Amino acid sequence: AFVDAVVAIAMTLLILPLMESVSEAASGHLGTAEFLSEHSGQLLSFGLSFLLIATFWMGHHRQYRDVELITAPLLWINVAWMATIVWLPVPTAMIGQMDTDPLQAVVYIGTLIMTQVTTLAGWIYLSRHPELTTATADTLRAGVIGDVTAIILFAGALLIAVLASPNGYVGLFLLLLSDPVSRLLSRLSRRRTPP
């Protein structure tokens, strides 16, 4: 419940810069079309970050639904994950309100990578402590592979974002390759695992 509250607050914080922009547009007597045009970057960054946080939250629920016992290390991994979620509205506001530069991409996509790293840490910890969960070994392995895949794709997106600035955020479309890359890594993992 605490994690859900943290996620809900982070998702709500994403909208605050847009609310300020609406107030500024009203005092500047902008029409709706002018507002939408002038603040398209903010609207896009809001939508993208909202979707990403929702996706991370759903993954977090899948990861912890079978956990029966929380230990101090697992709790700290969870706290680290929440920190990345709470931080995400800051780089989101940067994207929507500031000129795009390579460091901005490092901060934004770097935050997404750190979210995946903390999720991966949770899967690895649970894999090493299977007594804490009723999840099967295959489920834990799939979680690890899914997060490794996401980290690889986010790293590729980060490279594209830095090299193709200011239009580099299109590199995030690499995430559409998550399923095929996960399947490939899963096959490779099975070949390397002795029977």
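Some notes on this structure:
- Evaluated over region 86-158, the Cα radius of gyration and Dmax, each in Å: 15.4, 49
- The calculated Kirkwood hydrodynamic radius for the chain is 18.2 Å, given to one decimal from all distinct C-alpha pairs.
- Nearest-10 value in Å² for the accessible area of residue 34, using the 1.4 Å probe: 100
- Accessible area of region 1-140 belonging to carbon and sulfur atoms, whole % at 1.4 Å probe: 69
- For region 1-74, the equivalent ellipsoid derived from the alpha-carbon gyration tensor has semi-axes of 37, 12, 7 Å in decreasing order.
- Charge-dipole axis of the chain as Lys and Arg at +1 and Asp and Glu at -1 on Cβ define it, positive-most pick from 184, 153, 2: 184
- Scanning residues 5 or more positions from residue 133 or on other chains, those with amide H under 5 Å from its amide H are 68, with H placed 1.01 Å from N in the peptide plane.
- Remark on region 126-195: ratio of C-alpha radius of gyration to 2.2 N^0.38 Å is 1.39.
- Length gained when the stretch residue 58-residue 80 is fully extended (0.36 nm per residue, less Cα-Cα span): 6.2 nm
- Pairwise Cα distances in region 49-125 exceed 17 Å in 46 percent of cases.
- Computed with a 1.4 Å probe over protein heavy atoms only, the accessible surface of the chain comes to 56 Å² per residue.
- Each of the peptides 154-163, 112-121 was scored by the mean count of other Cβ atoms within 10 Å over its residues; in descending order, highest first, they stand as 112-121, 154-163.
The values are calculated or read from the model by the stated rules, or taken from the named source; none is laboratory data. Since the structure is predicted, the reported quantities are computational estimates derived from the model, not experimental observations. Reconstructed Cβ throughout: ideal geometry from the backbone, glycine too, with neighbour counts over all protein chains shown. Ligands, DNA and RNA are excluded from the accessible area calculation, which covers all protein heavy atoms including side chains. Shrake-Rupley method; radii C 1.70, N 1.55, O 1.52, S 1.80 Å.
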